[in-house]
1. Based on DSSP H runs of at least 4 residues, each adding -39500 (n - 2.57), what is the mean residue ellipticity at 222 nm of the chain after dividing by all its residues, to the nearest 500 deg cm²/dmol?
2. According to the Cα gyration tensor, what semi-axes, each the square root of 5 times an eigenvalue, does the equivalent ellipsoid of the chain have, listed from largest to smallest in whole Å?
3. If you line up the long axis of helix 58-75 against the longest principal axis of the chain, both from Cα atoms, how many degrees apart are they, to the nearest 10?
4. Given C-alpha coordinates of the range 24-90, what is the ratio Rg to Rh with the Kirkwood estimate of Rh?
5. Would you pull out the residues with amide H under 5 Å of LEU110's amide H, same chain only if 5 or more places away, H placed 1.01 Å from N?
6. If you fit an axis through the alpha-carbon atoms of helix 3-14 and take the longest principal axis of the Cα set of the chain, what angle between them do you get, 0 to 90°, nearest 10?
7. Using the Karplus curve 6.51 cos²θ - 1.76 cosθ + 1.60 with θ = phi - 60°, work out ³J(HN,Hα) for each residue of the range 134-143 in order, rounded to whole Hz, and write x for Gly and Pro.
8. Taking amide H positions as placed in the peptide plane 1.01 Å from N, state which residues far from PHE140 in sequence (5 or more) or on other chains have amide H under 5 Å from it.
Amino acid sequence: MTIADWVRDWFRVTDVAILGYFLVTRAVAPHMLEAGHGKIVNISVSETTMRRKGFTPYGPSRAATEALSHIMAADLAGTGIDVNLLLPGGATRSGMTPDSAPEDMQATWLDPAIMGPPVVWLASPASDGLTDQRIIATEFAVP
């Protein structure tokens, strides 16, 4: 891989993981502010994944997403807009997990549907006022 390839890949991942979250929030926040309420749920990963060998640029991009989410929550405090992070709670079957991994390892991977119940709850009025939290899907139980 050349330096140019590495840089291209770096920006491809970080543009989605960081810039994408920022731009979506920038687009919807004015409407939420006008309405006086809203929900932003950003997806993240474990801190271990953020620092895992070989996970550049993905790991650092997720760390930046977390920092951005905490700043968004602080900047939007008191506006009625809640900003939270949702993590699956383990390796999830996705494009990031190699098909070549041993079957016993693949058997432990989470179904992406694990994210459904907590994201629905976080987007609902039931979670009003809960902001700047890291919610782990595998530990989630409707309060």
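1. One gets -12500 deg cm²/dmol as the mean residue ellipticity at 222 nm.
2. Equivalent ellipsoid semi-axes, largest first: 28, 21, 11 Å.
3. Roughly 10 degrees, rounded to the nearest 10.
4. Numbers: Rg = 13.7 Å, Rh = 12.8 Å.
When Rh is taken as the Kirkwood radius, the ratio is 1.07.
5. ALA91, THR92, ARG93
6. Roughly 30 degrees between the two axes.
7. Ordered by residue, 3J(HN,Hα) equals 9, 9, 9, 4, 5, 9, 6, 9, 4, x Hz.
8. Placed amide hydrogens put nothing under 5 Å from PHE140.
Coordinate-derived values only; no laboratory data. These figures come from a predicted structure and were not determined experimentally.
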